[in-house]
Amino acid sequence: MKIVVDKNIPFVEKAFAPFGDVTALATTAITPDAVRDADALIIRSETKVAPALLEGGRIAFIGSASIGTDHADLDELSDRGIVFANAPGCNADSVKEYVAAALLHAAGALGFALRGRTLGVVGAGSVGRKVADMAVGLGLRVLLNDPPRARDEGPAGFVSLDDALEADFVTLHVPLTRSGEDATYRLFDAGRIARMKKGSILLNASRGAVVDSKALLRALTGGHLAAALLDVWEGEPDIDYGLQARVLLGTAHVAGYSMEGKTNAVRQIRAAFCRHFGVDAPWDPASELPPPPVRELAVGSDPLPGEDVLRRTVSACYDIRIDDDLLRRGAALPAEKRADYFRGLRANYRPRREFSNVTIRLSPARSDLRGPLSALGFKIG
């Protein structure tokens, strides 16, 4: 069997080596010629799976190490009898930690406390649910919006999108869909952004095209929104650096890029590969993961406000400002080099471990932080 893989997926060569000849390519090198004699293709969301890529080939299985499917023409794959597997939920904890770091950063930068404020969560899938639980642990009141789930499960626990727009923060965790009752393409257009609470903050860690970037820029420039926190952008990798200059926090589509999230994705698509081809072989990358930069932190009895302690603790394990700074450097590049720079930030992303690897030694005097630290995912020792 011949298997073509994206070399930027961690451990992917070792994961699939037991099953055949593995060819590892850069994302931009995954072309029709490169995959024509492949039996299986393992990709990231940057590879667009369209008829042109598949023409004349014999691919039977495509695995995408991502939670989304908007980069794949699923109807075309079905017509060709090609099995497609993605990895829903693989990076939910990673995105949850990103959102926590972004919210704490915004509160610190703008000089207010999160506790007692309201968070509208649009999309209550595996990521949105974790974000909602974390936010409750930080003392936020959560408004959960998810029309498909509300129809399936009943309206209890859900609010309308208009009600969610009354929140102090609105965070987006929906797939990108362009048709149907619940289409999300530019779900946050000029009209919907205008209906958001004046002075509120929009956070998008789902897909860039869920938000109309020009409308968002106008809302920030005109002062209707206090800030935006963006991990995803319309037109990636050729993003609008005019918008990037106006957001409070901007990163290069890396919210779900923890090592655990990436490894989970490989596990999920590998399992689907094994089911499809009727093969199996042991694989456990745990020993190969880079060590967490921080294994233990002491939270003493200092009198700092609780959120300041949380902000400092989170920053010690994942300093989101580094990712923001790296993306901002792209603005200084010639326009023709910016897209490659954005791709490079994703392909060469620094190893990031999740909070579950860190034990907090909590002083009895700061027992008020036990709940919030646990909600963030830390171990309490």
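Numerical summary
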{"item": "Test: residue in region 44-60 that is under 25 Å from TYR185 (Cα atoms), at pLDDT 95 or above, in contact with a Ser or Thr (Cβ under 8 Å, 6 or more places away or on another chain) and of a type in the set (Gly, Ala, Ser)", "result": "no"}
{"item": "Within region 331-363, considering residues that are in contact (Cβ under 8 Å) with a residue 60 or more places away in the chain and more than 26 Å from the chain's Cα centre (by Cα), the one farthest from LEU289 (Cα to Cα)", "result": "SER363"}
{"item": "Conditions (1) outside any helix (DSSP H, G or I); (2) within 23 Å of ARG328 (Cα to Cα): number failed by GLN244", "result": "(1)"}
{"item": "Cβ-Cβ under 6 Å pairs, at least 6 apart or on other chains, region 275-293 side more than 16 Å from GLY63 (Cα to Cα), far side assigned to a loop (DSSP other than H, G, I, E, B)", "result": "PRO285/PHE11; PRO290/PRO351; PRO292/ARG353"}
{"item": "Test: residue in region 287-299 that is small (Gly, Ala, Ser), assigned to a helix (DSSP H, G or I) and more than 30 Å from ALA40 (Cα to Cα)", "result": "no"}
{"item": "Only one of LEU110, LEU114, LEU103 that is touching a residue at least 60 places away in the same chain (Cβ under 8 Å) and within 20 Å of the chain's Cα centre (by Cα)", "result": "LEU103"}
{"item": "Residue within region 127-150 that is touching a Lys or Arg at 6+ places or on another chain (Cβ under 9 Å), assigned to a loop (DSSP other than H, G, I, E, B), under 25 Å from ILE43 (Cβ atoms) and of a type outside the set (A, V, I, L, M) present", "result": "no"}
{"item": "Check on LEU304, aliphatic (A, V, I, L, M), more than 22 Å from the chain's Cα centre (by Cα), surrounded by 15 or more Cβ atoms within 10 Å (Cβ to Cβ) and not in a helix (DSSP H, G or I)", "result": "no"}
{"item": "Residue within region 354-364 that is at pLDDT 95 or above, assigned to a helix (DSSP H, G or I), under 21 Å from ALA107 (Cβ atoms) and in contact with a His (Cβ under 8 Å, 6 or more places away or on another chain) present", "result": "no"}
{"item": "ILE269 under 21 Å from the mean Cα position of the chain (by Cα) and outside the structural domain of GLY111 (by TED's automatic domain parsing)", "result": "yes"}
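The values are calculated or read from the model by the stated rules, or taken from the named source; none is laboratory data. Keep in mind that what you see is a predicted model, and the values were worked out from it rather than measured. Note that each Cβ is placed from the backbone with ideal geometry, even for glycine, and that neighbours are counted across all protein chains shown.
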